[in-house]
Amino acid sequence: MGHPKAKTLPESAASATDSKIKDYFMKFDTNRDGKLSKQELKMAFRGLGSRAPWLRALLVISRMDENRDGYISDHELNKLVEFIHQRGYNFNFTA
């Protein structure tokens, strides 16, 4: 399965700052509880152009949810940022 692509000229994850990546994901924290649910992660990955955003969300929860509460909290978000860098996801921070 290929990596998702942004719809316009993207900034690669390698050059994106960690804080911009965190800010991107946290804008999907629709209930403002400071953590990301599987549904919120799915919306974020959909925004990145993932062909299977539900699968990406499930993968993130299963691999990065250290306390197994079903959410990605602030300290777990750092692991998500590492994942984003490793996978080379693309971002369009102006959209």
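The values are calculated or read from the model by the stated rules, or taken from the named source; none is laboratory data. This is a predicted model, so every value here is computed, not measured. For neighbour counting, all protein chains shown are included, and Cβ atoms are generated from backbone atoms with ideal geometry for every residue, glycine included.
Pairs, please: C-beta under 6 Å, at least 6 apart or cross-chain, first residue assigned to a helix (DSSP H, G or I) and in region 35-47, second crowded, with 21+ Cβ neighbours inside 10 Å and among the aromatic types (Phe, Trp, Tyr)?
44/25
Let's see how each residue does on (1) under 16 Å from residue 90 (Cα atoms); (2) out of contact with any strand residue (DSSP E or B) (no Cβ under 7 Å at 6 or more places or on another chain); (3) hydrophobic (A, V, I, L, M, F, W, C):
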| site | (1), (2), (3) |
| --- | --- |
| 23 | yes, yes, no |
| 35 | no, no, no |
| 45 | yes, yes, yes |
| 54 | no, yes, yes |
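Would region 1-21 turn up any residue that is modelled with pLDDT of 95 or more, over 10 Å from the mean Cα position of the chain (by Cα) and surrounded by 11 or more Cβ atoms within 10 Å (Cβ to Cβ)? Don't jump to the end; show me each part of the working.
Of all residues in region 1-21, those modelled with pLDDT of 95 or more come to none.
Within region 1-21 (the criterion being modelled with pLDDT of 95 or more, over 10 Å from the mean Cα position of the chain (by Cα) and surrounded by 11 or more Cβ atoms within 10 Å (Cβ to Cβ)), the answer is no, since none of the residues qualifies.
Just need a number here: residues in region 35-62 that are at pLDDT below 95 and either exposed (fewer than 13 other Cβ atoms within 10 Å of the Cβ) or on the phi > 0 side of the Ramachandran plot (or both).
1
Read through the list (1) in a loop (DSSP other than H, G, I, E, B); (2) among the hydrophobic types (A, V, I, L, M, F, W, C); (3) at pLDDT 95 or above; (4) closer than 20 Å to residue 86 by Cα, then give the number of the only condition that residue 28 fails.
(4)
Do we find that residue 70 is out of contact with any His (no Cβ under 9 Å at 6 or more places or on another chain), part of a loop (DSSP other than H, G, I, E, B) and at pLDDT below 95 in this structure? Reasoning before the result, please.
Details: out of contact with any His (no Cβ under 9 Å at 6 or more places or on another chain): yes; part of a loop (DSSP other than H, G, I, E, B): yes; at pLDDT below 95: no.
In short, no.
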